[in-house]
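The values are calculated or read from the model by the stated rules, or taken from the named source; none is laboratory data. The shown structure was predicted, so the numbers you read here are calculated from the model rather than taken from an experiment. For neighbour counting, all protein chains shown are included, and Cβ atoms are generated from backbone atoms with ideal geometry for every residue, glycine included. The accessibility values were calculated without ligands, DNA or RNA, using every heavy atom of the protein model including side chains. Shrake-Rupley method; radii C 1.70, N 1.55, O 1.52, S 1.80 Å.
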Amino acid sequence: MQTHDPEPPAPQKTQDPQNPLHHERTHLTNSRAALRAMREDVENLDIKDVTANWVNAAVLQRQIDDRIKALADLSHTPLFFGRLNYLHAPGADLAEGAEGEQFYIGRRHVHDADGDPMVIDWRAPVSQPFYRASKKDPMDIGLRRRFGYTGGDLTAYEDEHLTDPTEAATTSKLLQAEIERPRVGPMRDIVATIQPEQDEIVRSGLSGSVCVQGGPGTGKTAVGLHRVAYLLYAHRDRLARTGTLVIGPNKSFLHYIEQVLPALGELEVKQATVDDLVTTGVEVRGTDEAGSAVVKGDARMAEVLRRAVWSHVTTPTEPLVVVRGSRRWRVPAYELAEIVEELRDRDIRYGAAREALPQRIAHTVLVRMEQAGEAPDDRVQDAVARNTAVKAAVKEIWPPVDPAKLVLRLLNDPDFLAEHAEGILTAEEQKTILSAKPARSAKSAKWTSADAVLIDEASDLVARTHSLGHVVLDEAQDLSPMQYRAVGRRCTTGSATVLGDLAQGTTPWATASWAEALRHLGKGEAVIEELTAGFRVPREVIAYASKLLPSISPGLAAVESVRETPGSLDVRQARESTGLDADVVAACVESLAHEGSIGLIAADARIPVLAAALEAANLPYLAPGEETTAESRLTLVPASLAKGLEYDYVVLDEPAAVVDGEPDERTGLRRLYVALTRAVSGLTVVHAAPLPRQLAG
């Protein structure tokens, strides 16, 4: 592998035309000009004569606006990051000796005025060898070239001659530099650094669901986001109809990742938390004790709710008489009972069956009319279905169910709960979820997040939840079985990408295995992939954090980091003369001397104290979710919000306090494991109390 070290971009007229870097910079300049021309072509479109009405015009204008945004040239984002020299034209018959072709690989497709490609989208099949080709399997690639950038300027390149037996395979310096590049602002894409095992997951088909178990720094979140971008490229029409959704653990996390897909030209993917999905029309104002939340989140609650919903259906005991003009038509009770039983056996939603009941009764009446010599049509059947007697019978037999009122009754009425939880929940479990202060109405109830999931389950029993084409679920290890069901309802006819790390499960109901989680999600057939190569967290840091694995997730493989960064770990005890707070502030000042973002992570209870210490030291800081800038690079992070976030340098305050802040030791150690693995370049641990015994020594 030949690496040509970075050099400052000289003025165009002084560059040597024979220098490959000059040629590549010229291609970059021409590509940017072509992209600008593509954008101008869209901006100059005149749609006056091609739209039939204002609705069509509005839809088309929105599509044009989105296209203009997708063609934006981001000055500090490389338009292309690699080049492939094929030995033969892709798709050509090799026996014909077809000459090879050269392709530049980038974030989006760019073509010239004649329609010839100048940059190929990284998702195109012809781009795949950039990520997969190797000395062992060159994939018909003679040369793979990577480019290095400083800001938006092309400053270096690196060549791999994959079919040259005299050139040894080595680690790419440019690839390593891009992975380690300091970060300021939200998460960025990894399109230039996707590894072969990651690319296999990214390019897996839309029809199948995938679960990715990945430890800290393995890139699982980035893999999930790039998989969405790839699927939108490969199945755009289908997903444009059915929709895509990215689900994250909290708003801070979603804000952190929100720029990744737009940077890849994808603007239409919605992002939400599980709470966002299930709280439509429900105001969450309360919190559950851990024991109550565990029972409410148990999958057995689905059967309790199913019983409660369907308990409203009663078997008819009286005949129905329908008056039409001078005629009276009688439907015996046993026939009504047969209709009700048949609808119950069809395994359809409660509400759909209720809507079908008046039509089924009307059909029975029409049969009577035909037997009497009349010739009723569909209008007569609809009129009978709307008959006062029929509507009254339906209301009596199959009354409407309000999901929120149903859940409220289950949580307020011990007898009602006992009736439908018999043989499912123990008496103690029932007592655990009953409200201490029953609310008078659904509107006045202090619903919790777990309650909202129960209401969502009941709503789906009444009316089917709309299904999307693809859902990405990140930090999935923290979901309860009932939350998995809520997410699964959003992709019953689509597929899912599930991302997580069992060792980072920090809720009392955290999943024990992916097989169990996928079963609750309704995707038991999903393929489980494991990412064990770490690219983000330094080897010394991940090895230190992995001391906790035997206690928090026995049997789980530790991440093997490919990055050895001497001096990246510093564990120091606070000095008695200065105290913990002062030493933590000092560590932050030291970290700020480095380039990139800084995260000060601490137990939630310690945040106010540290905030005061930072203010006293005149150190400005941000809260999670606020975007870092070159002037403001320090973020004060409660340990409960650290999951999924990354910082170039992390200062971790008092590990023992992080552990003690959780209801049990295992959850506390898992929270500590998360906090220890947020650093990309360096970690400083400052403690006054003894370290947890798992980290001692």
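Points to keep in mind about this one:
- Computed from Cα atoms, the angle from the helix 388-397 axis to the main principal axis of the chain rounds to 60 degrees.
- Per-pair calculated FRET efficiency, R0 = 56 Å: Val321 and Ile424 via Cβ, rounded to 0.05: 0.85
- Percentage relative contact order, segment 462-571, counting C-alpha pairs under 8 Å, at least six apart: 24
- Three-way shape label, segment 196-260, alpha-carbon gyration tensor, a/c 1.5: oblate
- Integer Hz, Karplus 6.51/-1.76/1.60 couplings in order for segment 490-501, x for Gly and Pro: 7, 9, 4, 9, x, 10, 9, 10, 9, 10, x, 9
- Peptides 445-452, 666-673 ranked from most to least packed, by the mean per-residue count of other Cβ atoms within 10 Å: 666-673, 445-452.
- Under-5 Å amide H pairs with Met118, H placed in peptide plane, nonlocal only: Val110, His111, Asp112
- Cβ charges +1 (Lys, Arg) and -1 (Asp, Glu), total dipole of segment 378-503, debye: 700
- For the set His470, His363, His111, the ranking by accessible area, highest first and with no ligand, DNA or RNA atoms included, is His363, His111, His470 under a 1.4 Å probe.
- In this structure segment 550-628 gives 51 Å² per residue of accessible area when probed at 1.4 Å with all protein chains present.
- Remark: segment 592-608, residue by residue, has Karplus-estimated 3J(HN,Hα) of 5, 6, 8, 7, x, 8, 10, x, 9, 9, 8, 3, 3, 5, 8, 4, x Hz, where x stands for each Gly or Pro and the curve is 6.51 cos²θ - 1.76 cosθ + 1.60 at θ = phi - 60°.
- Label-point gap, in nm, between Ile348 and Asp570 - each point 7 angstrom along Cα→Cβ: 6.9
- Cα gyration tensor category, rounded, prolate or oblate, for segment 655-697 with a/c compared to 1.5: oblate
- Based on Cα contacts under 8 Å between residues 6+ apart, the chain shows a relative contact order of 13 percent.
- Sequence-ordered 3J(HN,Hα) estimates for segment 369-376 from the Karplus curve with 6.51, -1.76 and 1.60 and θ = phi - 60° stand at 4, 5, 5, 8, x, 7, 10, x Hz, glycine and proline given as x.
- For Leu473, the residues whose amide H sits under 5 Å from its own are Ile247, Thr497, Val498, Leu499, ignoring neighbours fewer than 5 places away on the same chain, with H placed 1.01 Å from N.
- The residues packed around Ser591, meaning those with a beta-carbon under 11 Å from its beta-carbon, carry a net charge of -3 if Lys and Arg are +1 and Asp and Glu are -1.
- Only helices enter this figure: runs of n ≥ 4 DSSP H residues, each worth -39500 (n - 2.57), summed and divided by the residues of the chain, yield -11500 deg cm²/dmol at 222 nm to the nearest 500.
- A DSSP coil position with no more than 12 other Cβ atoms inside 10 Å describes the following GluC sites (Glu not before Pro) in segment 357-421: Glu374.
- Remark: the Ala611-Asp153 segment gains 161.0 nm on full extension, using 0.36 nm per residue and subtracting the alpha carbon distance.
- Accessible carbon and sulfur surface of the chain relative to its total accessible area, %, 1.4 Å: 50
- Computed on the Cα atoms alone, the convex hull of segment 193-335 gives a volume of 268 cubic angstrom per residue.
- Expressed as a fraction of 2.2 N^0.38 Å, the C-alpha radius of gyration for segment 382-439 is 1.63.
- Relative protection proxy for 387-395, 213-221, from highest mean packing down: 213-221, 387-395 (other beta-carbon atoms within 10 angstrom).
- Taking amide H atoms as placed 1.01 Å from N in the peptide plane, the amide H of Thr155 lies under 5 Å from those of Gly148, Tyr149, Thr150, each 5 or more residues away in sequence or on another chain.
- Structure-derived Rg and Dmax of the Cα atoms in Å: which label, when the choices are (1) 29.4, 102; (2) 30.9, 104; (3) 27.7, 98: (2)
- Fully extended contour minus Cα-Cα distance, from Gln371 to Glu631, at 0.36 nm per residue: 85.0 nm
- Classified by the C-alpha gyration tensor, segment 521-565 has an oblate form. Its axis ratio a/c, with a ≥ b ≥ c, is 1.5 or above, and a/b does not exceed b/c.
- When you restrict to C-alpha pairs under 8 Å that are six or more residues apart and normalise by the size of segment 193-269, the relative contact order lands at 29 percent.
- Among the GluC sites (Glu not before Pro) in segment 573-621, those placed in a DSSP loop whose Cβ has at most 10 other Cβ atoms within 10 Å are Glu576.
- DSSP assigns beta bridges within the chain; of those with both partners inside it, close to 35 percent run antiparallel.
- In terms of the mean number of neighbouring beta-carbon atoms within 10 Å, the peptides 541-553, 22-34 order highest first as 541-553, 22-34.
- With eigenvalues of the C-alpha gyration tensor scaled by 5 and rooted, segment 448-555, Å: 30, 16, 11
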